[in-house]
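To keep things clear, I will list the structure first and then write my remarks on it.
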Amino acid sequence: MSELLDRLCERHGITLAYHDQLGYLRVASEEVKRALLEAIGVPADDEAALRQALAEAPELPEARVAVGADRRCFLPGCLEHGRVWGVALQLYQLRSARDWGIGDFEDLARAAELAGACGADFLGVNPLHALLLADPARCSPFYPSSRRFLNPLYIAVDRVPGYDPVLVDQAELERLRACSLVDYPGVARLKVAVLRRLWPRWRETAAEGGTDGRAAFDAFRATRGTPLARQALFEALSQHFAAEGQGAGWQGWPEEFRSPDSAAVLAFEAERRDELAFQAWLQWLADRQLEAAQRRGRAAGLRIGLYLDLAVGDAPDGAATWSDQALMVTGARVGAPPDSFNIAGQDWGLSPLSPAVLRQRALAPYRALLEDVMRHAGALRLDHAMGLRQLFFIPSGHPATEGTYLRYPMGEMLEALAEASRHCRSLVIGEDLGTVPEGFREIMAAAEIQSYRLLYFERLDHGLKPPGDYPRQALACLSTHDLPPLIGWWQGDDVALQRELGFMDGPMAEAELGRRAEDQRRLLADLVVEGLLETGQVPADGRLSGSAAEALSAAVHRHLARAPSRLFAVRLEDLAGERQAVNVPGTVEEHPNWRRRLGLTLEELPQSRLFQAVVRGVAGERPRQ
């Protein structure tokens, strides 16, 4: 019977064994194979069930993928021969003279205008997906309730038609504005309260026509159709049950409300028409403001504009999994296998799309997802781009070390991605860090999916790889949200934090600091040879004064900006002189993940000497042609 089980797994793209990054052979147990088959809706209880399922199994998705014109993504004209640069930021971290304790779409538009004025061509941002509005403390942008919709907390309330400051508790607003960390529950209480007061005002006074009028809102609801209606219904139910203490996520609701088609849900929907309209209105406001940010950035000179981010999956108790339960795999989570950075592997807790159901529906849900996210994007980053080919599935009740890969129909996925990219005229960047299958980057290059290269990770046996060796079809950057900014990395702040959290012991920390010191010595030597620093201008012992930090940051950014890669991104944290990582993987409460705000406001940033030095240097290396 084990042979039948293996044949059935292979027909459904379940990998029986693989070698991890450390070279160990990982063999999926019989229990894991059965659990994964059950998770994707394939009965595997006994021999009769296995034989029946094998007789009905589809053909295995193609392993080798040829890339023709129909699988090539859009490439802007400015990248055919040129190189551009941009700024990458976390929207919530933005501070301004008018913020409400969290960055919003008006701040995003102003940041886009600032970047354009500095000579940049794109502004990258964290995933803007809808989270659980009824449980705002769940704030990771990579753990979305639905990737097809936007987070209403990013709405600039003071830009909503009919806004009046008398509607706001000014003392609470000032308290939130002064916080160094985003108080998500406080922000949600204040913003939603004011938006609820604005809703009847807008409904009664809005003109019929115009971009702010009722006709535009009605057209938005009609165009977004059933997905928007279910998103609004989910949010209304989530608010209702959270208030009753039964949780914002649907898996904690009474059984009769766990399906969008149940009689109880239909009765709730009929009774709460106004609440559903309000929730749809929030999505309309967010969509309009994001569109305006893209338009204003382009007007300011950003030839690519906003560079948005697509998370790899959805929360198992969120709107996406509740709205279409056949499409989402809820009996398994996606993550990453053991590697040199985490020998226990990673469990991201996300529900993936079912590859079998995607094929049954001719990938229509994936196409719709892509077009929804790309609609206001000049570029899109695919988190964990290897998901185009395979994802690492972890059955419920099992650790990440017992997971295995499940294949996706890569050829069809590429066609859908390329079609959406060309239709929306959106460049695609694939985050290809971690365990990358052999040949995958070559397929990415053929499909015009730009690779993702980080200074900290690009290494040779003797140290950091010279930027001159980076590929052209790539975005280069010093680091990403899971890693510290340059100054923090240089001074070893992240290693100290890893020791404090128990992720490194003393010998491991000393070994990492020793390797890093050697990398830094070699890097300083290269910067001197290139004429970017003078000998002794930056001390080699890791300690940085203000002037040394400024000189180092400007030099390292210019050094990396010289890479042949088409795109180069500067993290806003580096422009603001921040030291701590946005997120520390493996932590929840131990570190203020996704909450840290910048020390400088948008108004103060351009006056900073560090900002000026880095921007001037990068713009000089990559002038807008």
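The values are calculated or read from the model by the stated rules, or taken from the named source; none is laboratory data. Remember, it's a predicted structure, so these values are computed and weren't measured experimentally. FYI the Cβ positions are ideal-geometry reconstructions off the backbone, even for glycines, and counts take in every protein chain you see.
Filter the stretch 526-548 down to the residues that are out of contact with any Phe, Trp or Tyr (no Cβ under 7 Å at 6 or more places or on another chain) and either surrounded by 14 or more Cβ atoms within 10 Å (Cβ to Cβ) or in contact (Cβ under 8 Å) with a residue 24 or more places away in the chain (or both) and list them by number.
Those that are out of contact with any Phe, Trp or Tyr (no Cβ under 7 Å at 6 or more places or on another chain) and either surrounded by 14 or more Cβ atoms within 10 Å (Cβ to Cβ) or in contact (Cβ under 8 Å) with a residue 24 or more places away in the chain (or both): 526, 527, 528, 530, 532, 533, 537, 538, 543, 548.
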Is there a residue in the stretch 586-605 that is more than 30 Å from residue 343 (Cα to Cα) and part of a helix (DSSP H, G or I)? yes
With criteria (1) touching a residue at least 40 places away in the same chain (Cβ under 8 Å); (2) within 21 Å of the chain's Cα centre (by Cα); (3) over 30 Å from residue 212 (Cβ atoms), residue 328 comes up short on (1)
Give the residue, chosen from 485, 466, that is out of contact with any Lys or Arg (no Cβ under 7 Å at 6 or more places or on another chain), modelled with pLDDT of 90 or more and of a type outside the set (Asp, Glu). 466
Scanning the stretch 233-281 for residues that are among the charged types (D, E, K, R) and part of a helix (DSSP H, G or I) gives 235, 255, 256, 269, 271, 273, 274, 275
For residue 196, are the conditions met, namely being at pLDDT 95 or above and either in contact with a helix residue (DSSP H, G or I) (Cβ under 6 Å, 6 or more places away or on another chain) or loosely packed, with under 12 Cβ neighbours inside 10 Å (or both)? no
So in the stretch 43-59, with the set limited to residues that are part of a helix (DSSP H, G or I) and either without any contact (Cβ under 8 Å) to a residue 40 or more places away in the chain or polar (S, T, N, Q) (or both), which one is nearest to residue 572 (Cα to Cα)? 56
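Matching residues to (1) within 29 Å of residue 159 (Cβ to Cβ); (2) of a type in the set (Asp, Glu); (3) surrounded by fewer than 16 Cβ atoms within 10 Å (Cβ to Cβ):
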{"site": "220", "(1), (2), (3)": "yes, no, no"}
{"site": "223", "(1), (2), (3)": "yes, no, yes"}
{"site": "228", "(1), (2), (3)": "yes, no, no"}
{"site": "235", "(1), (2), (3)": "yes, yes, no"}
{"site": "240", "(1), (2), (3)": "yes, no, no"}
{"site": "245", "(1), (2), (3)": "no, no, yes"}
{"site": "252", "(1), (2), (3)": "no, no, yes"}
{"site": "256", "(1), (2), (3)": "no, yes, yes"}
{"site": "260", "(1), (2), (3)": "no, no, no"}
Within the bounds of the stretch 60-73, is there any residue that is under 25 Å from the mean Cα position of the chain (by Cα), part of a helix (DSSP H, G or I) and farther than 29 Å from residue 7 by Cα? yes
